[in-house]
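The values are calculated or read from the model by the stated rules, or taken from the named source; none is laboratory data. Since the model is a prediction, treat every value here as computed from it, not as a measurement. Quick reminder, even Gly has a Cβ in these numbers, built from the backbone with ideal geometry, and neighbours come from all protein chains shown.
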């Protein structure tokens, strides 16, 4: 037996990440509660651009995913790998660069998103300079983690560490591929892929952001902290190995289930469905492994709030991972997609699985690194019950709302008309559910406040053990490993392991995405598709800035109820060729308001209707819950980047003629004059709001937005009939 | 359309390859897992429990 060496665990970095997680969890959930209330009281946007739903919904999702959960991952990973590998972290400097870099990225997100600087891709909203910063900091995290593995004293890598490695590898791959974009200004860019391809890549990313940011690292945490809290080893280590390899192998394929009934080719949709269904097996294997770890210790669950949090977290994981595959079945997805079902589903995952596991881990870990006991078990129990009630009150009303609204969307009268022909009828019907959801959110948030109080008093009562003394025998590198199995050899070699994990996930990504690159030639071309005019393009970028896609889809599925509602004259559902110039694609994932893909063909969508509607939605639709956008009526169109936009889009394949960038501005104004003329013919001078400068109408942002809306879906009409 | 797509791009192998990879992969993982020694499995499973927590074993003993 070799002499034991003494060394110190770095608890300070764990404390920093944990604190950041708590603080940003507070902010992220507060914003979440705020937007839940905005859906009930639209005026809560305070008529300000920065606090309007479309802009702060991504702030909420980014804050809870990357700030609350992200920092919790780093805290948990850094706590557990030191102890599992019996060594201090690779480098204190890298740890600190990682910490401060990540917080700066969050700060940048918190500034840019309310300013409307967004790529509009869900969970990848941040723009290119921040994307680069994320890549750099993520690589630093990887070096620090793998470096720690290389200098470890423990010969073997425990399964939790495999999950951390897979997380790191896959997030790197996803982040890089999904953020391939060409800048047209120092802060804005257009994505490399357009239309259908963009959709596939985005949801390959989007689904795996859930898989490899919200799931695999948390499974790693589960495999470490649940045995710790229960003080017994995991139920089956063999099962955990199978859980790991099958999960990472299957997850990467499932993305297309976000695009069922869209214009994505059928083979890709089916691929997504099949792999999603298969995912039940490893997911439930993992859940059972977690729950069965508590065999013989269930009496303790009754008294120990930490175990209670973990049990509900693992159960929520089981529920979401059963529900997910079910939602991937086309007939169920037809109901769930675009409704609040999606919102309920993700919140079972985030509030239950991520939130409750975080609380459990922090209640267990933080008193230990502060050398003290938890301030109050009673308060932790209160937090548990109020939080659980919060999850129920949050999700059940939304499931109800989703079914109700979908049934209303699809209901026909005996003579074949839509029973609820006005979209708003289906919204007012579910408003009571939105109110109940807000109550659920408030309960959960109250639990968070109790948690914060309890943790902060605990910290005050103790003192951080910044460097915790530990001892272990050095790793014997010369020890002969002859006769060991291939897998044992593999998990002794972190770098080789990392490469194989990359291979495992890359195969799925490749086979899913490469054929799509050929689709470019397979998308039926239609000569009636025209690139956006400069004014429409400007309007589209305003549409993106305001986050309209958060509530309005642009994807009419091939259902009778949808073509009847959204394109009553032509009865045309959306076709893949209509999106060939869409950078970014704006299909959306939720219809809080109606689909807009045929908005340009609507008889109600006249210039004056949009003009009045965007200024005060309730003047047009009495019960509308859409926020007002008064700033569009005073802000003038920014033409400073127009040339660059045209150049970048041409480079990417939009057929603007050479030299068009020089006359784009003229075209923009010519078209704006037409919109203004139409508007003036429809409205009297006294109908314009007082702050609108009537003589300067053609330069206002609202004109560009109207031009864009008037163009939507018009490509479906053959050129000669336009 | 997918058939046309696969034919035109000569990527038929892509449809079969995943199946082969999966079956092989899972069979290998399961064989390895089943055949690994119980003593090794026990050692790995107990890794998280090896270090004693320097602070009180249960942080839940007191309640204010």
Every residue from region A:693-711 that is under 14 Å from residue A:639 (Cα atoms), assigned to a helix (DSSP H, G or I) and touching a strand residue (DSSP E or B) at 6+ places or on another chain (Cβ under 8 Å)
A:699, A:701
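Each row is one residue, and each column tells you yes or no for (1) over 21 Å from residue A:64 (Cβ atoms); (2) crowded, with 24+ Cβ neighbours inside 10 Å; (3) under 22 Å from the mean Cα position of the chain (by Cα).
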position	(1), (2), (3)
A:323	no, no, yes
A:332	yes, no, yes
A:336	yes, no, yes
A:345	no, no, yes
A:355	no, yes, yes
A:362	no, yes, no
A:376	yes, no, no
Just the residues that are under 30 Å from residue A:331 (Cβ atoms), within 10 Å of another protein chain (Cβ to nearest Cβ) and assigned to a loop (DSSP other than H, G, I, E, B), please, taken from region A:229-274.
A:253, A:265
Does any residue of region A:327-339 turn out to be assigned to a helix (DSSP H, G or I), in contact with a strand residue (DSSP E or B) (Cβ under 8 Å, 6 or more places away or on another chain) and either without any contact (Cβ under 8 Å) to a residue 12 or more places away in the chain or at negative phi (or both)?
no
Yes/no for residue A:382 being within 29 Å of residue A:23 (Cβ to Cβ), within 14 Å of chain B (Cβ to nearest Cβ), touching a helix residue (DSSP H, G or I) at 6+ places or on another chain (Cβ under 9 Å) and not in a helix (DSSP H, G or I)
no
Checked against (1) touching a helix residue (DSSP H, G or I) at 6+ places or on another chain (Cβ under 8 Å); (2) in contact (Cβ under 8 Å) with a residue 12 or more places away in the chain; (3) over 30 Å from residue A:425 (Cβ atoms), residue A:694 satisfies every condition except (2)
Any chance residue B:11 is at the interface with chain A (Cβ under 9 Å from one of its Cβ atoms), modelled with pLDDT of 60 or more and farther than 30 Å from residue A:467 by Cα:
no
Which listed residue is in contact (Cβ under 8 Å) with a residue 12 or more places away in the chain and within 14 Å of another protein chain (Cβ to nearest Cβ), from A:89, A:84
A:84
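Looking at region B:22-42, can you tell me whether even one residue there is at pLDDT below 75, surrounded by 11 or more Cβ atoms within 10 Å (Cβ to Cβ) and within 7 Å of chain A (Cβ to nearest Cβ)?
First pass over region B:22-42, keeping only residues at pLDDT below 75: none.
Looking through region B:22-42, none of the residues is at pLDDT below 75, surrounded by 11 or more Cβ atoms within 10 Å (Cβ to Cβ) and within 7 Å of chain A (Cβ to nearest Cβ).
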Among A:191, A:183, which is the only one that is in contact with a helix residue (DSSP H, G or I) (Cβ under 9 Å, 6 or more places away or on another chain), away from chain B (no Cβ under 14 Å) and buried (at least 23 other Cβ atoms within 10 Å of the Cβ)?
A:191
Test: residue in region A:417-439 that is at positive phi and not in a helix (DSSP H, G or I):
no
